[in-house]
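Q: I am attaching a structure below and will ask some questions about it afterwards.
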Protein chains: 2
Amino acid sequence: GGGFVSLVGAGPGDPDLLTLGALRAMQAADVVVYDRLVSPEVMALVRNDAEKIYAGKESSRHTLPQDQINALLARLAKQGRRVVRLKGGDPFIFGRGGEEIETLMEEGIPFQVIPGITAASGCAAYAGIPLTHRDHAQSVTFVTGHLKQGGIGELDWERLARPGQTLVIYMGLQALPQLRAALIGHGCIPDTPAALIQQGTTRRQRVITGTVDSLPGLVEEAGVSAPTLVIVGGVVGLHGKLAWFQGASPGTSTP
Amino acid sequence: GGGFVSLVGAGPGDPDLLTLGALRAMQAADVVVYDRLVSPEVMALVRNDAEKIYAGKESSRHTLPQDQINALLARLAKQGRRVVRLKGGDPFIFGRGGEEIETLMEEGIPFQVIPGITAASGCAAYAGIPLTHRDHAQSVTFVTGHLKQGGIGELDWERLARPGQTLVIYMGLQALPQLRAALIGHGCIPDTPAALIQQGTTRRQRVITGTVDSLPGLVEEAGVSAPTLVIVGGVVGLHGKLAWFQGASPGTSTP
């Protein structure tokens, strides 16, 4: 039989945020190649007797280099297996999904792409922070703080520092001091509201709010760890009013 | 019993892109207040004996003004009913979800927010257009072409016209000629790839590709109608290679 690859977005963590299509693919899989950002709760929904291959990816080191992941997916499919490539969030938003299916396409392997709830949508919803709002933000921009993938140095800070928009930084924790400097250095008002959402949408969710100026200091005090998402903009000011989801207690550290 | 409101993102159209949480809320609902952008296939999954209230919203006219929708949700919940407020895409990305839960919060009505696959994620996945890609786009920005909600006049075109990023325009069909003029007028290379995705993720999906310069003309030729999403940037060039989803035949008009 012919192999097939489903490139599947696992969403931000809460298994309730899997799509029906994602769950179906996971439960029909012969083999699942997954990233570090896929939550244990989501992995628990993979078909029991599927082979599970960890492809890693932490911001500090890649367990498998990207070209080896691409080759692995092609190899597994050529064995005639139903392969699920499971990635945190959405595979086409800082997920390098495009590179993976480029290889499949070149090798003539059939595939599908099942989008996932990207971290920005999930974290914003569970933190009560609308990404757009007609009083605060007419646009929203996603960037990555991951220094190896372009990173914050190459970004157009002049535009990102302006008001009337929402800025979401994926993998922004380590880059937070540079982020603060870049924004303020390009004219962003230091008091612009900013939030850091750790393990958003899971029971371990923590939301730390402050300003562009204060956030790096607050993060150090609170002992925040990855995965985290940073949201900057006037919409963050709505969190105090609109927060509804009870994650971890404020200030609680998770093991 | 106490009423409760679930603000639910219905995703871009394909019912397979509903989340598990969205489906559960829809099947437990006493009453569903839904928008025009929620697809018939998705509405078919609402509990049969739930009351269904159409709240409208077309870009040309609002069937129910936003403040009346806000008040309606509060009133239904106060009757002790389980209310689902079902919106196309994600309620916090050009969905005015923030305004709706602000009213609920003020009235002391408990609620939850279930994010949905936003049109950009869904359409990009099904059209084979990665929104970020390390060779083409280090960031992605979502704006709306809906003239009543800020609209394209207020946007920071200088930044949006620069290369190395992806620009997604929600409800951009009517504004396409202005969009072209604004981008090119602010230095965007006229040959920058651009795509229009009509009824993305559904069997009726059509993808029309061209350039920032040519897109408005192509759209007129092809008889495109809403809902449509516009994607601008180098990543659109990958569509020819990565397209995998078979929607309607190219050029086919849908009734």
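Q: Give just the number: which of (1) touching a Ser or Thr at 6+ places or on another chain (Cβ under 6 Å); (2) modelled with pLDDT of 95 or more does residue A:56 not satisfy?
A: For residue A:56, the exception is condition (2).
Q: If residue B:200 satisfies every condition in (1) more than 25 Å from residue A:143 (Cβ to Cβ); (2) in a loop (DSSP other than H, G, I, E, B) but one, which is the exception?
A: Result: residue B:200 fails condition (1) only.
Q: Restricting segment A:210-253 to residues that are of a type in the set (Ser, Thr, Tyr) and within 19 Å of the chain's Cα centre (by Cα), which is modelled with the lowest pLDDT?
A: A:225
Q: Go through A:16, A:30, A:35 for me and flag whichever is of a type in the set (D, E, K, R) and in contact with a Phe, Trp or Tyr (Cβ under 9 Å, 6 or more places away or on another chain).
A: Sole residue among the options that is of a type in the set (D, E, K, R) and in contact with a Phe, Trp or Tyr (Cβ under 9 Å, 6 or more places away or on another chain): A:35.
Residue by residue, here is whether (1) of a type in the set (Gly, Ala, Ser); (2) touching a Pro at 6+ places or on another chain (Cβ under 9 Å) holds:
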| position | (1), (2) |
| --- | --- |
| B:13 | yes, yes |
| B:16 | no, no |
| B:25 | yes, no |
| B:32 | no, no |
| B:40 | no, no |
| B:49 | no, no |
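Q: If you scan segment B:119-145, which residues turn out to be in a loop (DSSP other than H, G, I, E, B) and at pLDDT below 95?
A: The answer is B:134, B:135, B:136, B:138, B:145.
Q: How many of the residues making up segment B:72-89 are among the charged types (D, E, K, R) and either surrounded by 24 or more Cβ atoms within 10 Å (Cβ to Cβ) or within 16 Å of residue B:13 (Cα to Cα) (or both)?
A: 2
Q: If you check B:175, B:161, B:194, which single one turns out to be away from every other protein chain (no Cβ under 14 Å) and hydrophobic (A, V, I, L, M, F, W, C)?
A: On the way: B:175 fails: away from every other protein chain (no Cβ under 14 Å); B:161 fails: away from every other protein chain (no Cβ under 14 Å).
So the residue among B:175, B:161, B:194 that is away from every other protein chain (no Cβ under 14 Å) and hydrophobic (A, V, I, L, M, F, W, C) is B:194.
Q: Another question, if that's okay. Can you tell me which residue is surrounded by the most Cβ atoms within 10 Å (Cβ to Cβ) among those in segment A:8-35 that are among the acidic types (Asp, Glu) and within 11 Å of chain B (Cβ to nearest Cβ)? If you could, list the steps in order and put the result at the bottom.
A: Step one: filter segment A:8-35 for residues among the acidic types (Asp, Glu), giving A:14, A:16, A:30, A:35.
Subsequent filtering for residues that are within 11 Å of chain B (Cβ to nearest Cβ) retains A:14, A:16.
Values: A:14: 25, A:16: 17.
In this case the residue turns out to be A:14.
Q: Also: Which one of B:181, B:127 is buried (at least 22 other Cβ atoms within 10 Å of the Cβ) and more than 9 Å from every other protein chain (Cβ to nearest Cβ)? Give the derivation first.
A: Values: B:181 fails: buried (at least 22 other Cβ atoms within 10 Å of the Cβ).
From the options B:181, B:127, the qualifying one is B:127.
Q: Output the residues belonging to segment A:90-107 that are surrounded by fewer than 24 Cβ atoms within 10 Å (Cβ to Cβ) and either out of contact with any strand residue (DSSP E or B) (no Cβ under 9 Å at 6 or more places or on another chain) or at the interface with chain B (Cβ under 8 Å from one of its Cβ atoms) (or both).
A: Hits for segment A:90-107 are A:96, A:99, A:102, A:103, A:105, A:106, A:107.
Q: In addition: Among the listed residues A:168, A:235, identify the single one that is buried (at least 24 other Cβ atoms within 10 Å of the Cβ), among the β-branched types (Val, Ile, Thr) and more than 25 Å from residue A:10 (Cα to Cα).
A: Working: A:168 fails: more than 25 Å from residue A:10 (Cα to Cα).
Among A:168, A:235, only A:235 is buried (at least 24 other Cβ atoms within 10 Å of the Cβ), among the β-branched types (Val, Ile, Thr) and more than 25 Å from residue A:10 (Cα to Cα).
Q: I would also like to ask the following. Kindly evaluate residue B:169 against the criterion of being modelled with pLDDT of 95 or more, part of a strand (DSSP E or B), out of contact with any Gly (no Cβ under 7 Å at 6 or more places or on another chain) and closer than 20 Å to residue B:131 by Cβ.
A: Numbers: modelled with pLDDT of 95 or more: yes; part of a strand (DSSP E or B): yes; out of contact with any Gly (no Cβ under 7 Å at 6 or more places or on another chain): no; closer than 20 Å to residue B:131 by Cβ: yes.
Here the answer is no, as residue B:169 does not meet what is asked.
Q: Could I ask something else about it? State which residue is nearest to the other protein chains (Cβ to nearest Cβ) when the search covers only segment B:36-57 and only residues that are free of Cβ contacts under 8 Å to residues at least 60 places away in the same chain and of a type in the set (Asp, Glu).
A: We begin by selecting, within segment B:36-57, every residue free of Cβ contacts under 8 Å to residues at least 60 places away in the same chain; these are B:36, B:38, B:40, B:42-57.
The next check asks that each one be of a type in the set (Asp, Glu); those that pass are B:49, B:51.
Details: B:49: 22, B:51: 24 Å.
Ranking the qualifying residues of segment B:36-57, first place goes to B:49.
Q: Given the options B:80, B:9, B:21, name the one that is more than 30 Å from residue A:89 (Cα to Cα) and in contact (Cβ under 8 Å) with a residue 24 or more places away in the chain.
A: Working: B:9 fails: more than 30 Å from residue A:89 (Cα to Cα); B:21 fails: more than 30 Å from residue A:89 (Cα to Cα).
After ruling out the rest, the residue left standing is B:80.
Q: Would you confirm whether or not segment A:211-229 contains a residue that is of a type outside the set (D, E, K, R), within 14 Å of chain B (Cβ to nearest Cβ) and not in a loop (DSSP other than H, G, I, E, B)?
A: First pass over segment A:211-229, keeping only residues of a type outside the set (D, E, K, R): A:211-212, A:214-219, A:222-229.
Narrowing the set further to residues that are within 14 Å of chain B (Cβ to nearest Cβ) leaves A:229.
Now restrict to residues that are not in a loop (DSSP other than H, G, I, E, B): A:229.
Scanning segment A:211-229, I find at least one residue that is of a type outside the set (D, E, K, R), within 14 Å of chain B (Cβ to nearest Cβ) and not in a loop (DSSP other than H, G, I, E, B), so the answer is yes.
Q: For the condition in contact with a strand residue (DSSP E or B) (Cβ under 7 Å, 6 or more places away or on another chain), surrounded by fewer than 24 Cβ atoms within 10 Å (Cβ to Cβ) and of a type in the set (Val, Ile, Thr), what is the one hit in A:113, A:38, A:5?
A: Numbers: A:113 fails: surrounded by fewer than 24 Cβ atoms within 10 Å (Cβ to Cβ); A:5 fails: surrounded by fewer than 24 Cβ atoms within 10 Å (Cβ to Cβ).
Result of the check over A:113, A:38, A:5: A:38.
The values are calculated or read from the model by the stated rules, or taken from the named source; none is laboratory data. Note that the coordinates shown come from a computational prediction; the quantities given were computed from them, not determined experimentally. Heads up, the Cβs are rebuilt from the backbone with ideal geometry, glycines too, and the neighbour counts pull from every protein chain shown.
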